[in-house]
Structure formats: C-alpha cells, structure tokens
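Reviewing the structure listed below.
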C-alpha cells in the first residue's frame, strides 16, 4: 500500500503574524517558515502506518518555492521515503492545488492521500475535499482515528460539531487529519542525516499540464478590530449588577 | 437568478445556523436585481424540517431531497446532488412535470463541520473556487473572511460565475421565522427532487455525540469557559452549576483540555471552536492569543482570574481579579437568591 501526503509550507505557528502597512497581505519577509502543523500530523500518521507494516511507501508532495525543500527534508526525516516538489513562486489557490495533486495521484496511484484538514495561513479547509471530487474518491475529513480493514476499506473517525462520527470509505480514499490524531515526533539526528540522501523530484505545474487560474483576488488584508480593555469590578455583587444577571 | 441556501438540520428541526445563513443570503440578494432565495433540505424523513421552513419569510421555494441515502450527510452523495441542481440550471417538479429554469449565482451554507465537508467538493465539481467562513458581505462577489485564525481579515473578490460559500454563523444575526401557522397559499412552495443513487463509496457506521442538556457551544447566548486555573475535572462542576443557572454552554481553553479536565469538543480557540455569544465568561483562563482568537466576536467578555497581569484582562469588558474558588460559589449563591 502506498500513501501520498500533501505538505504545505506556511509561516511557523509560533510567529505572531503582522499585517503589512499597505494592507496587501501578511508580512512574510524574514519570517520563520515551517510545515503546516496539520500536514505534520498527516506525515506522522503515514510513517506510523509504515512502521506498523500496513504501508509500504510514503511519498510527500509539496507545491511551493524552491525553499520548500527544507520542509520536505524535515518530512523525510520523519521517515517518509521520497518527495516531489512542484516548484512555483506564484500563489496557488485551493482549486489549483487540488488540480496539481490530481495529476500526481494519476502518476503515483496511491491507496490513500493524507492531507491536513486546513492550512493555518489561509484557513480554507478545502484542498482535500476538492481533490476527492476531482479524483472521484470518497473523503474522510477531520480524522481523529484511521483504521484499515478488509476488504479494501478504511474506517475514519471524524471530529464533527457535537462529537465523533465514524465512516467506512472504500479505497483509494482522501483523508484529511485533525489535531488529535497523533502528536508528531521530533526527528532523530540519524534520520535527519538519512533524509539528506533521499530523493526529492522536482517538477512544475506547467510540466504537469496545469495552468494556474486563480479565481479569487485579495483586495485587502487588515488587522481585526482591537478590543479595548474594560473596567475592573471590585466583587461579585458589582459584576452581577453590571451584567444585570 | 436565485441563491441556493443549503439547510442545516438533524431531520427534525432546522438548526440555528441556517437562520444566520439566511441573513447572509439576504444581504447578498440586496446586491443583485431580481433574485430569489431557495432553501435546499437534504435529509431522510425530514417532513418536520420542511414544515418549519415553510414559515420562513423571504424564501421563494423549498427544494427537498428526502431519501434514505441522506440519513447521515455524506459529501459523496450531497455534492453530486447540489452539482446537478446547479449544473442543469433548473429542476423538475415530479408531480406537475414543470421544469423550472433557474440560474443559481450563489450556493451558501454554514461553516459547520458538515458544510465544510461538502461545499469544497461541490465547488470542485463546478470548477469554481470556494470561499470559507465569510464574516461579512461587501457585495455580490466580495466577502470578508478571517485568515491566520482571525489575526487578520481578508477581503476577497471572486471572478467565478457561481460563488460557493460557507458562512461563519456567529458573524450574522439570525433571520426570523414566522411562528404562526400560515394559510396554505402563503406558505413557501415545496419542490420534491427525484431520488438519486448512493455513491457506494462511503458509508455511515456510527455517531458518538456528546449528550448535553445545555445549549450548543457555537450558538449559545452565554458561554462560560474554564482554563487551567480550574485545577481539575471535578472543579468544572462549579461551572456546570453556574451554566445551568444561566442557561449557558460550557467551554474550555486548550490548556484545560490538554490537562484532561474536559473533553476536547469543549475547546474554544484557534484549533477548537469559534464562539460569539452575547456574554462570554472566562474563568481561570490566562488568555493565550490562540484562545482569544476564538472569542473576539463575543459581545461582552468577563474575565475572572487571580493574576492581575493575565492577558485575558486586555480583551475583557469586565475584569474581576479574584480567586475563582471564592467567586464561583458566591456567584452561584447570588443567582440562586435572584431566582
């Protein structure tokens, strides 16, 4: 069995992002970049399946600038086998990401495509579902548990509003992962060294036959309204009085 | 032209989020000349939902797909249904064999876990973008939405002919429902859609839903949350007691969830639920930026914490610097007397 894991390069979640003064976007110059945390969980899960013996090969795929090879090497150090970098300096919107991944799926023919449920920059939560539509695969979104079963089925427990729901999907399937699926490991030094020798294949949207066609234009990015600090109340009586409970 | 609103329901009643989506749809309609609002109800044995929807003012039509395959909402079945409705740009009323020509400009639903599941799938089938979690309508093609977990607000414009949207329901006030029983002629007309085949690709196995008599976290008017300051799971009983007195929902910070005090479906913040109640009471929560991102839409925020430097006080409207283990019992006692 083969798993394809999509990886996005985003501003590190510990960075306190700032809106650019001209309101055209977020300040990303000299900002630390990292693997999207949800994608990291997807890589971890794929590697765990491999370690358990239920998966033979884990392939990472990333769409981004050439610097994204840093994130792919980090993913390979988790234990993934090889990686594909689709190089572009353009902004790639969810639908185009799904179209590019669709091409990779057609080439690689994975049994499962694992993705993070959303990226922590654009917060779209769309790519996995769109890829499932284009490939006509079933989808298990927001997974907190994944179990392979026979024949050719995967059981996915999803985190939904109000609790958990379990679905059975026929393979091949697209699964997007939620935070509580696992806690990603820290790569060990030997594995980091090993990752340096693993293969990263370079390609581009054009050579895959996808011409990017962004449908959304960002007109403005602004800071949210700032809440002002309020008043101090002395005791419970005053609080109840203010709130008119 | 028409806007297609996909209803949130549990096969018995329409959920509150639908009424917020109706408000968002009405705001879009203001920017389009001659448009109608159509409500799509996909379910199984959902007659009571349809009956409830017939009393909604402003709707021109209700489309119903009442079929066993929709007992649980599966994206693999819902997306082709919506796609065919929109792609054919019309639909057939079985009984009267009347074919309505409709052009849908927008497909809109709430950004709950169900809408987030099928809307991108619908958009990809239509080869259009999807816009997630809109918090305001600027025009028929321009919307505001939070990015970076609400640390920035983006204004985005779509160039697609059909806009596929999900709405952050807490950002829109709920539209009203006509409560009196309407005469048949003033009820919203209902169109039954033809049955469709199951995709055969996915199947519902089981649901483990949290049982609670309290209001749902994302729609409650009052939310009381506990943080690491609660110290243990047993102390959350204090919050439950208070919540029941105020008809409030109970939430928690990530720290409280990670410490195992409460289940993770109570988590509020960047990686949990986003809430925007009339009143938010943060008890023993320091106010990490990830938590604050999930509560900034609240009308009034109250913080109770014994640390006067806690960052939660920077965003709270009313700040009480005190020991929560003294404050909570006192508050419970005061409210009991008022009852």
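The values are calculated or read from the model by the stated rules, or taken from the named source; none is laboratory data. Predicted model only: the values in this text are computed from it and were never measured. Cβ sites come from the backbone with ideal geometry, for glycine too, and all protein chains shown count toward neighbours.
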TODO: Give the residues of segment A:9-32 that are away from chain B (no Cβ under 14 Å) and either surrounded by 23 or more Cβ atoms within 10 Å (Cβ to Cβ) or under 19 Å from the mean Cα position of the chain (by Cα) (or both), sorted by residue number.
DONE: A:9, A:32
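Please pick out the residue among B:224, B:295 that is within 29 Å of residue B:174 (Cβ to Cβ), crowded, with 22+ Cβ neighbours inside 10 Å and either without any contact (Cβ under 8 Å) to a residue 40 or more places away in the chain or within 10 Å of chain A (Cβ to nearest Cβ) (or both).
B:295
Looking at B:306, B:232, can you tell me which residue is in contact (Cβ under 8 Å) with a residue 40 or more places away in the chain, more than 18 Å from residue B:215 (Cα to Cα), surrounded by fewer than 19 Cβ atoms within 10 Å (Cβ to Cβ) and more than 9 Å from every other protein chain (Cβ to nearest Cβ)?
Sole residue among the options that is in contact (Cβ under 8 Å) with a residue 40 or more places away in the chain, more than 18 Å from residue B:215 (Cα to Cα), surrounded by fewer than 19 Cβ atoms within 10 Å (Cβ to Cβ) and more than 9 Å from every other protein chain (Cβ to nearest Cβ): B:306.
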Task: Selection count, segment A:112-155, where residues are over 30 Å from residue B:152 (Cβ atoms) and touching a helix residue (DSSP H, G or I) at 6+ places or on another chain (Cβ under 6 Å) - done: 2
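Does segment B:154-188 hold any residues that are in contact with a strand residue (DSSP E or B) (Cβ under 6 Å, 6 or more places away or on another chain) and at pLDDT below 95, and which are they?
Once the filter is applied, which keeps residues that are in contact with a strand residue (DSSP E or B) (Cβ under 6 Å, 6 or more places away or on another chain) and at pLDDT below 95, segment B:154-188 yields B:168, B:169, B:177, B:188.
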TODO: Would you check if residue A:238 is within 9 Å of chain B (Cβ to nearest Cβ) and not in a strand (DSSP E or B)?
DONE: yes
Task: Among the residues listed as A:109, A:167, A:189, the single one being more than 15 Å from the chain's Cα centre (by Cα), buried (at least 19 other Cβ atoms within 10 Å of the Cβ) and more than 26 Å from residue B:147 (Cβ to Cβ) - done: A:167
Open item on the list: Any residue that is part of a strand (DSSP E or B), at the interface with chain A (Cβ under 9 Å from one of its Cβ atoms) and modelled with pLDDT of 95 or more - is there at least one of those in segment B:62-74?
Closed with: no
- [ ] Could you please let me know if residue B:290 is in contact with a helix residue (DSSP H, G or I) (Cβ under 8 Å, 6 or more places away or on another chain) and either in a loop (DSSP other than H, G, I, E, B) or buried (at least 21 other Cβ atoms within 10 Å of the Cβ) (or both)?
- [x] no
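In segment B:258-287, which residue that is in a helix (DSSP H, G or I) and touching a residue at least 12 places away in the same chain (Cβ under 8 Å) is farthest from residue A:239 (Cα to Cα)?
As a first pass, look at segment B:258-287 and keep what is in a helix (DSSP H, G or I): B:258, B:264-266.
With touching a residue at least 12 places away in the same chain (Cβ under 8 Å) added as a condition, the list becomes B:265-266.
Values: B:265: 29, B:266: 25 Å.
Ranking the candidates gives B:265 first.
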TODO: Sort out which residues of segment A:95-133 are out of contact with any strand residue (DSSP E or B) (no Cβ under 7 Å at 6 or more places or on another chain) and at the interface with chain B (Cβ under 7 Å from one of its Cβ atoms), and write them in order of number.
DONE: A:95, A:98, A:130, A:133
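Out of B:147, B:184, report the one residue that is within 12 Å of chain A (Cβ to nearest Cβ) and either touching a residue at least 12 places away in the same chain (Cβ under 8 Å) or farther than 19 Å from residue B:35 by Cα (or both).
Sole residue among the options that is within 12 Å of chain A (Cβ to nearest Cβ) and either touching a residue at least 12 places away in the same chain (Cβ under 8 Å) or farther than 19 Å from residue B:35 by Cα (or both): B:147.
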TODO: Quick one: count up the residues across segment B:105-144 that are within 8 Å of chain A (Cβ to nearest Cβ), within 20 Å of the chain's Cα centre (by Cα) and not in a helix (DSSP H, G or I).
DONE: 5
TODO: Find the helices (runs of 4 or more DSSP H) located wholly in segment A:29-148 whose residues include 3 or more that are in contact (Cβ under 8 Å) with a residue 24 or more places away in the chain and more than 30 Å from residue B:115 (Cβ to Cβ), and list them.
DONE: A:37-52, A:69-78
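On the basis of being without any contact (Cβ under 8 Å) to a residue 60 or more places away in the chain and under 21 Å from residue B:122 (Cβ atoms), does residue B:12 make the cut?
no
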